[in-house]
Amino acid sequence: MEAVGGYAAGVYLRSPATGLLLMAVFTGLPLQLFRPWWRMQVNRPYPVAEAYRSGQAVHLPDAESAMSRFPQLMAGLPFPFGSLYQPVTAGTERFGVLVVLREATPGIPVGTPDRERLRRAAERLAADLTALAAAGARVVWEGDPVGVPAPPPEAGAEGARRAADRLAQAVLSLDREGRIGYVNTAAEDLLGLDGPHLQGRLLWEALPWLGHPAYEDHFRAGFMSGEPVHFPARRGRHAPGQWLSVDLYPAADGVTLTLGTSAKPAYAPESPARRDPDADVDADVVADVDAYADLDASADEASALYRPVALAIALTEAVTARQVSAVVTEELLPAFGGRQLAIYLLDERHLHLAWETGFPQGFLNRFDGVSLDVRLPGVETLTTGRPLFFESMQHLAAAYPGIPLDADVGARAFLPLIASGRPVGSCILGFDSPRGFSAEERTVLTALAGLIAQALARARRYDSEVELARGLQSALLPHRLPVREHVDTVGRYLPGTLGMDVGGDWYDVVETGAGLLALVIGDVQGHGVAAAATMGQLRSAVRAFALSGSTPEQVVSGTNQLLIDLDPGQFASCCYMLLDPASGSVTAARAGHPQPLLRHPDGRTEVLDLAGGVVLGIDPEASYPLTELRLTTGSVLALYTDGLVEKPGLDIDVGVERLRKALEAARPSPLTETADRLISEAGNTADRPDDIALLLASRTGGDP
């Protein structure tokens, strides 16, 4: 933290729960102010999660850069600050993320020295954690974070104390974790507490009335932005009718807090007693209770405003119906204290269960596929367009006699999912305890249901396109490869898992009329139906040219001209190799495609250096020179698309070298096992942005 000029730092570590990071240690700021960020799902659009997923550092010098990349972070922390996130990794082992917060440097990127210092610190931490793991320790975190204590707050020099004691204004000095150090005489008089009673204690423990949720954003702004913050605060119930002005003056080594008497702010309510002079009520007491109720309302209103903003931002990044449902689970349930969630989608006048969490296993299956004619709350909320709220399970049972219930105690909300006037489905929120639903909560939940419905409608259109693209691609890829003497061939294809997960990668093996075997692999730029359709056209063109007896240069040049004539607004890479199975001679042409690999019979594996031209679809005059080589018996040729060797933030040469080593270490036979081994790591990756094609050819006999 000190090395990079930060004022706070912490470490997130893996938890026993899959896909969940927990804040393990933190220092420099009050822990309680950051409770919403103690838990971090690794698939969320936050810098901590991205650093963990990608294995790459994230540097955000100011609020503008953070807003452009991580708007959801800034929706919850809309203050000017800078932040650095360094993954803690050792080889392929990912332990967590090191985080440093510091003052913003608008327009000035994080310098190389600070990046290196942070990287070295993360490497040292990773080495220590690796040693712990090697000694048998389970390197995961459970429970709440631990605050790393800063040096005890200083009481200040005697001269400074005397100077501050002359002030009529109450002054308290806080360290960066919110602990009270110096307290002047005016503060002792105002608060009715002496300095020794306050010193060393957290501000919110010593003065609980300052810990009200309505004030948390003010304290966050003061501690994080480095700029003065001013706001009115209501004293505790022991001081009825008193409002104080609170001023925060932050600096790198602490925060000065001043308190002064203040008139009641404009938003403070009038008590019923003051509105009605004849009321037999203690006016000050009622005013005090009303004021706190108003603060609760203010906090609820702020929270109610944040919920739709945070959920809306998260929903814009959800692509599939499953991703939308996961966002609702992660954002909506915690916001309202819910424990159960179910989403039903409408299809041909029947509701089908699309997502559930928290309900007893199998309980909701009985409602899957129900008709819109059935009298159930999940159906009627959609057919009437009105949300239904039941403050207890008894109320639900009374409204719908005989309905099966999953619990005897709790509350339920049934929300219609309607997008642009069209029914999409219904959403069920479950709570473990009876609870009321205020008018504000009902309004917010209804609004959120509209956002969810819009996202689900968009996701269903996306899912339909994916299904169409998958069907198209499945029909276009070869269902079996030809069996020839002296050579084995194996192909593999994996769709991507992020965004539109069907692309334009393809492979093919074509038996030509001259007894030769054409090995083809290609990659159409882009994803979706258009890419799959272009891939199909190119595959057909390559097969047609190959069957006509064209040379590799003629095949690639002819396919290039065809793509330009079609003008689909796309380009493609391709590698075409013509193999004589009997002699092992190969003639190859390459159009902007990654270089193939060749494993020799002795296990030595090299990256081939084939001559090549530009990608297809760019230059009608492009030429594609030929390269000749020979496959000896026992050698293995590997053709692949860039999805197998590219990872975000890593040079493609690193991925090619990793693949080369994997092929070198693999057994050459059976070839199917070799293919499975080469593609297994990519197949286990949950956030694979691109699709992958792999084609292996092994020479098994013929001329030596």
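The values are calculated or read from the model by the stated rules, or taken from the named source; none is laboratory data. Since we're looking at a predicted model, the values are computed, not measured. Cβ: placed from backbone, ideal geometry, glycine included. Neighbour counts: every protein chain shown. Just so you know, the surface numbers come from the protein's heavy atoms only, side chains and all, with ligands and any DNA or RNA stripped out. Shrake-Rupley method; radii C 1.70, N 1.55, O 1.52, S 1.80 Å.
Values for this structure:
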{"quantity": "Computed accessible area, residue 344, all protein chains, 1.4 angstrom probe, square angstrom", "calculated": "10"}
{"quantity": "Positive-end residue of 623, 635, 652, charge dipole of region 579-658 with Cβ unit charges", "calculated": "635"}
{"quantity": "Distant-in-sequence amide H partners of residue 338 (H built 1.01 Å from N, under 5 Å)", "calculated": "none"}
{"quantity": "In nm, spacing of pseudo-spin labels at residue 658 and residue 606 (7 Å Cα→C-beta vector)", "calculated": "2.5"}
{"quantity": "Backbone HN-Hα couplings from phi across region 420-427 [Karplus 6.51/-1.76/1.60, Hz, Gly and Pro as x]", "calculated": "6, x, 10, x, 10, x, 9, 10"}
{"quantity": "Label-to-label distance, nm, for residues given as residue 650 and residue 205 (7 Å Cα→Cβ offset)", "calculated": "4.6"}
{"quantity": "Accessible surface, region 609-684, averaged per residue in Å² (probe 1.4 Å)", "calculated": "51"}
{"quantity": "Computed lengthening from residue 386 to residue 629, 0.36 nm per intervening residue step minus Cα-Cα distance", "calculated": "80.3 nm"}
{"quantity": "Whole-percent carbon and sulfur share, accessible surface of region 546-704, 1.4 Å", "calculated": "51"}
{"quantity": "Prolate/oblate/rounded label for region 567-608 (Cα gyration tensor, a/c 1.5)", "calculated": "oblate"}
{"quantity": "Charge tally in the Cβ shell below 14 Å around residue 395, where Lys, Arg are +1 and Asp, Glu are -1, residue 395 excluded", "calculated": "0"}
{"quantity": "³J(HN,Hα) computed for each position of region 23-38 - Karplus, 6.51 cos²θ - 1.76 cosθ + 1.60, integer Hz, glycine/proline x", "calculated": "5, 9, 9, 7, 8, x, 9, x, 4, 5, 6, 10, 4, x, 10, 5"}
{"quantity": "Label zone at residue 614, where the point sits 7 Å out along the Cα-to-Cβ direction: region 566-587 residues whose backbone N lies under 14 Å", "calculated": "570-573"}
{"quantity": "Euclidean distance of C-alpha centroids, region 379-434 and region 165-225, integer Å", "calculated": "46"}
{"quantity": "Around residue 539: net Lys/Arg minus Asp/Glu count, Cβ-Cβ under 13 Å", "calculated": "-2"}
{"quantity": "Accessible area (Å², per residue) of region 415-466, counting only protein heavy atoms and a probe of 1.4 Å", "calculated": "43"}
{"quantity": "Fraction of accessible area attributable to carbon and sulfur, region 1-102 (%, probe 1.4 Å)", "calculated": "53"}
{"quantity": "Residues listed by number, region 412-439, amide nitrogen under 19 Å from residue 352 label point at 7 Å toward C-beta", "calculated": "417-419, 423-428"}
{"quantity": "Surrounding net charge for residue 614, when Lys and Arg each add one and Asp and Glu each subtract one, Cβ distance under 15 Å", "calculated": "-3"}
{"quantity": "Per residue solvent-accessible surface (Å²) - region 47-89, probe of 1.4 Å", "calculated": "30"}
{"quantity": "Area of residue 142 that stays accessible when all protein chains are in place (1.4 Å probe, Å², to 10)", "calculated": "130"}
{"quantity": "Distant-in-sequence amide H partners of residue 226 (H built 1.01 Å from N, under 5 Å)", "calculated": "none"}
{"quantity": "Computed label-point distance, nm, for sites residue 368 and residue 138 using a 7 Å Cα→Cβ extension", "calculated": "3.2"}
{"quantity": "Global form of region 73-120, assessed from the alpha-carbon gyration tensor, a/c cut-off 1.5", "calculated": "oblate"}
{"quantity": "Percentage relative contact order, region 553-704, counting C-alpha pairs under 8 Å, at least six apart", "calculated": "26"}
{"quantity": "Solvent-accessible area of residue 548 with every protein chain in place, 1.4 Å probe, in Å² to the nearest 10", "calculated": "80"}
{"quantity": "Candidate residues 119, 422, 235, 539: accessible-area rank, largest first, probe 1.4 Å", "calculated": "422, 119, 539, 235"}
{"quantity": "Efficiency of FRET from Cβ geometry, residue 54 and residue 124, R₀ 25 Å, rounded to 0.05", "calculated": "0.75"}
